[in-house]
Each structure stands twice: as C-alpha cells, then as structure tokens.
Amino acid sequence: MERKYGEPIVAASKPLKTATGWNPPRASFVNMRTVLINNRRSATDGSFMSAGDASQDLQTLYGNNHGWLQGWLRRRLGNAFDAADLAQDTFVRILVSGRMPDAAQSRAHLTQIAKGLVIDLHRRRVLEAAYLDALAVLPENFAPSPEERALALEALLLLDAALGSLPAKVRETFMLSQLDGLTYSEIAAQLQVSVGAVRKYMLRAALACHAALHPEAA
C-alpha cells in the first residue's frame, strides 16, 4: 500500500518519554543559540526592536497570557510537561521574530503559533517512534550511539520539513523513487507525466533535501 506524505510510518501507541533514553539533538540548541545571538546583534544596530521595548512588551504579553496558554495546551495535549514546554517555546518564537501582536489579537496570535508547535511535536514523535522501531531490528553491534541517533533524527526532521514544503507531485515522485524503489518510467506512468518531468521533480526534491541538510551551502 502506498504511503501518503504526512501519514505515520508506524503507529505510535503513546508519546515517547525521556525513559527511552532519547536525548534532544544538540543541533537544535545550537540553532536556537545562533538565532538569539543574531537577533541580539540586530537589536544593537536598530534593525530589530530595542532590547528595552522588547523586554517590556514580552513581559507584559507573558504575564497576561502565559497561564492561559499553558492551560489551553494542557487541555489539548493532556500532558502538563509538554504543555509547559510548548508554552515557553511559543513566547521564544515571538521573541526571536521581534514582532509583538496587538493586545486585542494577542491570544489569537499565541494560539496560532502554539498550534504549529503542537503539529511539530506530533510529527517529531511519529518520526522518533518509526526510527526507534527501525533500530530495534538491528543487531546490537550495528546500533548507533545516542549521539548518532540524535543527529540522525535531526536529519530526518529536516528532510521531513523540506519535503513538506514541496508541491505534491514533486514530493510523491521523490517518495515513489526513494521509498518504493520505482523506476522513473514507472513513476511517470503512475503519475501520468513524462519521464522528463519526473527527472525535473527528482532534481527539485534532491536540491531541497540538500539545502535542508547543508544550509550553509545554499
């Protein structure tokens, strides 16, 4: 059966917990630190809101809405720990963007960001579950280290986001080739396009994946 993009590779019976031994990818923290450093530099040259204004506005936004947002997330997720993390991440997103919502629209804006983070969390958990299931069938001497697992998962998440940004036919072409092992001629017949179009789709998908994994070369 063909798997459509966005469907879980395997069903995750429950969210992964820290007891699995999974460590958050260090690259995530490095990326966040880079963003924060860049924003701090921008603040000094006037291209970003002033540090004082940003701090005061964010404190007001946080004080007026953090408890409400965390409660909203807790009801949606059924998990107080994830709710606390995503509530904090929502305000970090606003901080690094430098754009404060109007007071009348603040909760709608926060909800929009938080919904995106909930989707990201779900997709991450599905990928984690699929990856761990794949590792479970490997002989013990072939099992990667925790650091290698974290880096591999980070790469999977980047590729997932890159493929998700592509048009449906480009994405499907890539998956039919790389996951189902179909030839270009078979893909062309299934999608009712020319072999030349398949080649173009594959090139576009490959470039998107390369850019996701090597942003410094983009």
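The values are calculated or read from the model by the stated rules, or taken from the named source; none is laboratory data. Quick caveat: nothing in here was measured; it's all calculated off a predicted structure. We place every Cβ from the backbone using ideal geometry, glycine too, and count neighbours over all the protein chains shown.
Brief remarks on what is shown
- Each residue in the range 122-170 was checked for being aliphatic (A, V, I, L, M) and farther than 20 Å from residue 210 by Cα, and 10 of them qualify.
- Members of the range 164-191 found to be among the acidic types (Asp, Glu) and in contact (Cβ under 8 Å) with a residue 12 or more places away in the chain, listed by number: 172, 180
- When the criteria are applied in full, residue 52 fails the requirement of being at pLDDT below 50, surrounded by fewer than 11 Cβ atoms within 10 Å (Cβ to Cβ), of a type in the set (Gly, Ala, Ser) and out of contact with any Asp or Glu (no Cβ under 6 Å at 6 or more places or on another chain).
- Taking (1) under 22 Å from the mean Cα position of the chain (by Cα); (2) at pLDDT below 90 in turn, residue 139 satisfies each apart from (1).
- Checked against the criteria, residue 116 counts as closer than 20 Å to residue 158 by Cα and among the small types (Gly, Ala, Ser).
- The sole residue among 161, 197 that is in contact (Cβ under 8 Å) with a residue 40 or more places away in the chain, small (Gly, Ala, Ser) and either closer than 26 Å to residue 126 by Cβ or part of a helix (DSSP H, G or I) (or both) is 161.
- Only one of the numbered conditions (1) farther than 30 Å from residue 67 by Cβ; (2) part of a helix (DSSP H, G or I) is not met by residue 138, and that is (2).
- Counting residues in the range 196-210 that are out of contact with any helix residue (DSSP H, G or I) (no Cβ under 7 Å at 6 or more places or on another chain) and basic (Lys, Arg) gives one or more.
- Close Cβ contacts (under 8 Å, 6 or more residues apart or on different chains) running from residues in the range 112-133 that are touching a residue at least 12 places away in the same chain (Cβ under 8 Å) to residues that are of a type in the set (Phe, Trp, Tyr) and in a helix (DSSP H, G or I) comprise 114/72.
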